[in-house]
Amino acid sequence: AHFLISAPDIRHLDKHLPVESGIEVAFAGRSNAGKSSALNRLTRQKSLARTSKTPGRTQLINVFEVEEGKRLIDLPGYGFAKVPLEMKLKWQKSLGEYLQERESLKGLVVLMDVRHPFKDLDQQLIFWAIDANIPVLALLTKADKLKQGARKATLLKMREEAKNFEGDVQVELFSSLKGLGVDVLERKIAQWYGE
Ligand code: GTP
Ligand code: MG
């Protein structure tokens, strides 16, 4: 995979990357959830997407091309406390529009820290995706932070909770650090790419 472009918002994305030109899978989640780390792990490239201990690091929409017409999109994290409210609302609105309108988008990976899953904004995002008929893979990230038993219990509980969405929402454990769940992610993306 290689870096293709950055866009400050959805409008710019549409302008520079027409929707007709391929298939996209987007990575979304709260700031610091582990989106960029997951992309790096998936592509086996340590520094494809910038990762950071400072939440809110990824401010731009970063587009990576896996092969011609197949793209991965690293979306800016949401829910970061220090961002002004006006910017938060603007971002939420455009994220909703993006899911509704971007026809090349075939799948959404929602990343949530296994210790704080399905917060309000995560749920909102998943509802928008279901509304737009976009399948969701919900990854419970940093699973290495929990012991085996707690990890399994959280997974089962969150799979129950995900049934409330009444849509295509698959929940899995994930750890960029340990490589847990990477195979599931790979298979899902291949399916969305129509491979
Ligand atoms: P923003 O771009 O700020 O929205 O963050 P992000 O969602 O891209 O998160 P990022 O991948 O930058 O990771 C945030 C922090 O969590 C970094 O310090 C990572 O090293 C750490 N992290 C990410 N994945 C894992 C994981 O699987 N296990 C552990 N223990 N830490 C992780
Ligand atoms: Mg990031």
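Values in this text are rule-based calculations from the coordinates and carry no lab data. Keep in mind it's a predicted model, so treat the numbers as computed, not measured. Backbone-built Cβ (ideal geometry, glycine too); neighbour counts: all protein chains shown.
Tell me whether the chain comes out rounded, prolate or oblate; compute the Cα gyration tensor, take square roots of the eigenvalues as a ≥ b ≥ c, and use a/c under 1.5 as the rounded threshold.
Numbers: a/c = 1.34, a/b = 1.26, b/c = 1.06.
Judged from the Cα gyration tensor, the chain comes out rounded (a/c under 1.5).
Would you mind checking which residues have amide H under 5 Å from LEU180's amide H? H placed 1.01 Å from N; only 5 or more apart, or other chain.
SER175
Within 10 Å, count the other beta carbons around each residue, average over each peptide in 89-98, 43-52, and list them highest first.
Working: 89-98: 16.3, 43-52: 14.2.
For the peptides 89-98, 43-52, the packing ranking is 89-98, 43-52.
Using amide H atoms built 1.01 Å from N in the peptide plane, name the residues 5+ places from LYS70, or on other chains, whose amide H lies under 5 Å from its own.
Under 5 Å from the amide H of LYS70 lie the amide H atoms of ILE23, each far enough along the sequence or on another chain.
Using unit Cβ charges (K, R positive; D, E negative) and no other charged atoms, how large, in debye to the nearest 20, is the dipole of segment 1-55 about its Cα centre? Let's see the in-between values first.
Numbers: 9 positive and 4 negative charges, 91 e Å.
Once rounded to the nearest 20, the dipole reads 440 debye.
³J(HN,Hα) across segment 132-138 via Karplus (A = 6.51, B = -1.76, C = 1.60, θ = phi - 60°), whole Hz, x for Gly/Pro?
Couplings: 8, 6, 9, x, 10, 10, 9 Hz.
How much length is gained if the chain between LYS46 and GLU103 is pulled fully straight, taking 0.36 nm per residue apart and subtracting their Cα-Cα distance, in nm to one decimal?
Working: separation 57, 0.36 × 57 = 20.52 nm, distance 2.98 nm.
Extending this stretch completely gives an extra 17.5 nm.
Using a 7 Å offset from the Cα along the Cα-to-Cβ direction at both LYS178 and LYS93, what is the distance between the two label points in nm, to one decimal?
4.3
Given Cβ point charges of +1 (Lys, Arg) and -1 (Asp, Glu) and nothing else, what value in debye, to the nearest 20, does the dipole of segment 2-192 about its Cα centre take? Please list the in-between numbers first.
Details: 31 positive and 24 negative charges, 229 e Å.
Rounded to the nearest 20 debye, it is 1100 debye.
Test of understanding: what is the full-extension gain from GLN191 to LEU156, defined as 0.36 nm times their sequence separation minus their Cα-Cα distance? Could the numbers behind the result be given before it?
Details: separation 35, 0.36 × 35 = 12.60 nm, distance 2.39 nm.
Working it through step by step, the gained length comes to 10.2 nm.
Over the chain, what relative contact order in percent results from Cα pairs under 8 Å that are six or more residues apart?
After rounding, I find 23 percent.
To the nearest 10 degrees, how steeply does helix 120-131 sit against the main Cα axis of the chain, on a 0 to 90 scale?
Between helix and principal axis, roughly 60 degrees.
Under the rule of -39500 (n - 2.57) per DSSP H run of 4 or more residues, summed and divided by the residues of the chain, what mean residue ellipticity at 222 nm is obtained, to the nearest 500 deg cm²/dmol? Please report the intermediate quantities before stating the final value.
Values: 6 runs with 71 residues, N = 195.
Taken over the chain, the calculation gives -11500 deg cm²/dmol.
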